[in-house]
Each structure stands twice: as C-alpha cells, then as structure tokens.
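See below for the structure under consideration.
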C-alpha cells in the first residue's frame with residue numbers, strides 16, 4: 001500500500017497500537033495490551049477495540065488461532081510514518097508556507113545544527129533528481 005493512499009490511524013493510541021503490532025509482527029490483543037495498555041492504565045477491551053478499528057482501516061490483518069485473534073501489520077511502519085509526517089507538514093505549512101518554513105529551519109537548527117546541513121544536501125539531491133538529464 002502506497003503511503004499517500006493509507007488510511008492513517010486516528011490518534012496517538014491507534015498509532016501506538018499499530019506500531020506495537022509492527023514491532024511484534026504477530027500479536028494477540030494480550031500482547032499489545034502488555035506493551036501499550038498496561039502502562040497507560042487502559043482496559044484490555046480498549047486495546048481490542050483499537051485493533052478492530054485498525055483492521056477496518058486495513059492497517060492490520062487478523063486471523064483466529066484457536067480461541068485467540070492474532071493481528072499482523074498490513075502496512076510498513078516506515079510508510080505510515082512518512083504519510084503521517086506529510087500530513088503534519090501539510091497542516092503546518094498551509095496556507096502561507098514561508099513563515100512556517102523559516103520556523104521549521106530555526107527549530108531544526110536549535111535541535112541540532114548539523115540538521116541544516118543535512119537539509120541542504122537533501123534539497124540539492126532532490127533538485128538533482130528533478131533537473132537531471
């Protein structure tokens with residue numbers, strides 16, 4: 001599934017549950033509850049409902065193994081992270097791009113000054129691809 005056609009999770013809990021399934025590759029509700037639900041004080045049934053929503057969104061598959069439902073990721077975690085970043089950036093950069101870009105560059109520099117150099121190389125590489133032979 002391409003990252004621009006993904007139906008993204010609907011919030012931080014859905015992301016946490018999906019990424020837990022991605023990390024485990026095969027997971028029961030109990031497995032995910034141990035990783036995500038216990039630390040947040042969530043009920044087992046809450047995790048089961050979130051997994052069901054992710055299944056409806058075609059982000060995970062599920063099958064019955066004995067009396068247990070097991071879930072597997074249907075999407076690549078990196079594709080989900082890329083789609084999520086694109087969505088966040090499109091919200092951040094709209095409608096006037098220039099002030100948001102300046103703020104983004106300033107924030108990157110304050111986090112790690114080498115990020116600006118990496119950004120410059122990425123822009124140059126991107127320009128090389130679009131202006132190439």
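Read-outs: derived from the displayed coordinates by stated rules, not from any lab. These numbers come from a predicted model, not from an experiment. In this analysis, Cβ positions are derived from the backbone assuming ideal geometry, glycine residues included, and neighbour counts consider all displayed protein chains.
Report, to the nearest 10°, how far helix 97-111 tilts away from the longest principal axis of the Cα atoms in the chain, using its own Cα long axis and a range of 0 to 90°. The angle comes out at about 80 degrees.
Classify the range 35-77 as rounded, prolate or oblate, taking a ≥ b ≥ c as the square roots of the eigenvalues of its Cα gyration tensor: rounded when a/c is under 1.5, otherwise prolate if a/b is larger than b/c and oblate if not. The partial results should precede the final answer.
Working: a/c = 1.95, a/b = 1.31, b/c = 1.49.
Judged from the Cα gyration tensor, the range 35-77 comes out oblate (a/c at least 1.5, b/c at or above a/b).
Short-range pairs are left out: with C-alpha atoms under 8 Å and at least six residues apart, the relative contact order of the chain is 23 percent.
Please compute the contact order of the range 61-132 in relative form: average sequence separation of alpha-carbon pairs under 8 Å and at least six residues apart, divided by the residue count, as a percent.
Details: 20 pairs, mean separation 8.4, N = 72.
Relative contact order of the range 61-132: 12 percent.
Report the Cα centroid-to-centroid distance between the range 68-84 and the range 103-132 in angstrom, as an integer. Using only Cα atoms, the two centres lie 28 Å from each other.
Determine the calculated [θ] at 222 nm for the chain from helices alone, applying -39500 (n - 2.57) to every DSSP H run no shorter than 4 residues and normalising by the residue count; nearest 500 deg cm²/dmol. So the calculated ellipticity at 222 nm is -19000 deg cm²/dmol.
Taking label positions 7 Å along the Cα-Cβ direction at both residue 94 and residue 42, the computed distance is 2.7 nm, reported to one decimal.
What is the gain in length, in nm to one decimal, between residue 126 and residue 108 on full extension, counting 0.36 nm per residue of separation less the C-alpha to C-alpha distance? Please report the intermediate quantities before stating the final value.
Numbers: separation 18, 0.36 × 18 = 6.48 nm, distance 1.90 nm.
This chain segment gains 4.6 nm when fully extended.
Length gained on full extension, residue 101 to residue 34, computed as 0.36 nm times the residue gap minus the Cα-Cα distance: 20.1 nm.
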